[in-house]
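Everything on this sheet refers to the single structure shown next.
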Amino acid sequence: MIVNTVETPSRLTAHDRCDRCGARAYVRAAFAHGDLLFCAHHARQYRPNLDQIALSIDDFTASLTEPSAN
Ligand SMILES: [Zn+2]
């Protein structure tokens, strides 16, 4: 079966947590075996490697600059 996927990445929510430290995730890196989530801190730390090994990277760190309702 062929399913046409929409190229709009689903946004990360407060339920998505960094796989390294458990903080809220802002970056999703897609791999053949699944996705890894990273907070802004760890995304910066791993980004050079992610750019080389990840199939695709969804970066939502720009949303960090949006005013928070909290
Ligand atoms: Zn982290």
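Each value in this text was obtained by applying a stated rule to the coordinates, not by laboratory testing. Values in this document were obtained by computation on a predicted structure and should not be read as measured data. Glycine gets a Cβ as well: all are built from the backbone with ideal geometry, and neighbour counts include every protein chain shown.
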Seminar exercise, completed: In the stretch 8-37, residues that are within 14 Å of the ligand (Cβ to nearest atom) and out of contact with any helix residue (DSSP H, G or I) (no Cβ under 6 Å at 6 or more places or on another chain) total 12
Exercise. So which residues in the stretch 37-56 are under 20 Å from Arg11 (Cα atoms) and exposed (fewer than 10 other Cβ atoms within 10 Å of the Cβ)?
Worked result: Leu55
